[in-house]
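Taken together, the values in this text are just the output of simple stated rules run on the coordinates, not laboratory data. Computed from a predicted structure; not experimentally measured. FYI the Cβ positions are ideal-geometry reconstructions off the backbone, even for glycines, and counts take in every protein chain you see.
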Amino acid sequence: MTKGLFISFEGVDGVGKTTQLHRLRDYIESRGISAVTTFEPGGTELGKDLRRILLHGEDVSDRAEALLYAADRAQHVDCFIRPALERGQAVLTDRYIDSSMAYQSGGRELSRANVLELSQFATAGLWPQRTYVLDMSFEQSRARLTGELDRLESAGEDFFERTRAAFLQIAAENPERCVVIDASRSIDEVWNDIRCDIDALLAQRGTDHE
């Protein structure tokens with residue numbers, strides 16, 4: 001049993017995960033809890049090399065892609081996430097297992113059971129206590145993206161819609177862990193939903209530890 005608080009932010013590209021993650025870190029720290037932020041892929045030194053291949057490599061097959069994401073996640077959990085949790089810190093990550101389930105199973109249409117089994121092996125069964133799924137349409141997402149698109153961002157609307165639908169399915173199947181938030185609204189409106197939920201979660205954890 002880990003001591004810390006593990007929170008993930010999920011959703012398609014352009015929904016504002018990073019902005020909200022950093023707000024939540026500052027807020028949690030204002031409550032007297034040490035917090036660290038991280039991301040996938042690329043949250044470790046090994047992960048940086050894997051991120052370059054995954055997001056900007058030219059010829060990565062669908063199954064190879066799933067395996068590379070799992071390798072990145074295994075290193076991430078072993079070298080960063082689990083040690084921080086054992087120290088009693090709050091860990092906030094931009095993407096985790098649900099991204100593999102949504103992108104590789106939903107978007108790439110690989111076997112859902114295979115992707116889940118691979119992810120469970122990579123993490124030794126470590127799941128977040130809370131996952132915020134930020135949701136928005138393809139048109140809204142594309143309007144927010146800047147610069148050259150990576151391999152996943154340039155995969156097209158059909159890929160996007162399969163991925164988005166997979167995120168929403170995951171959230172519907174895991175209501176005790178996942179909170180879906182309409183990310184098409186203002187930053188402050190999105191943050192208010194997250195703040196209200198995290199207040200309730202922290203209050204519950206305080207009760208559980210009494």
Student exercise, region 5-208 dipole from Lys, Arg, Asp, Glu Cβ charges, in Debye to nearest 20: 480
Give me the angle, in degrees from 0 to 90, between the Cα long axis of helix 17-30 and the longest principal axis of the Cα atoms of the chain, rounded to the nearest 10. 10
Using Cα atoms only, what is the angle between the long axis of helix 187-208 and the major principal axis of the chain, expressed in degrees (0 to 90) to the nearest 10? 50
How much length would be gained if the chain were fully extended between Leu67 and Thr18, taking 0.36 nm per residue of separation minus their Cα-Cα distance, in nm to one decimal? 15.2 nm
Taking H placed 1.01 Å from N in the peptide plane, check which residues at least 5 places from Glu10 or on another chain put their amide H under 5 Å from its amide H. Tyr132, Val133, Leu134
Nearest 10 degrees, 0 to 90: helix 62-76 Cα axis against the chain principal axis: 30
Each label sits 7 Å from Cα toward the beta-carbon; between Glu161 and Asn174 the label points are separated, in nm, by 2.6
With a Förster radius of 25 Å, plug the Cβ-Cβ distance of Leu116 and Leu201 into 1/(1 + (r/R0)^6) and report the FRET value to the nearest 0.05. 0.55
Hey, with R₀ at 30 Å, roughly what FRET efficiency would Glu139 and Ile53 work out to, going by the Cβ-Cβ distance, to 0.05? 0.50
Which residue fluctuates most in the GNM of the chain (Cα springs below 10 Å): Arg130, Arg31, Arg162? Arg31
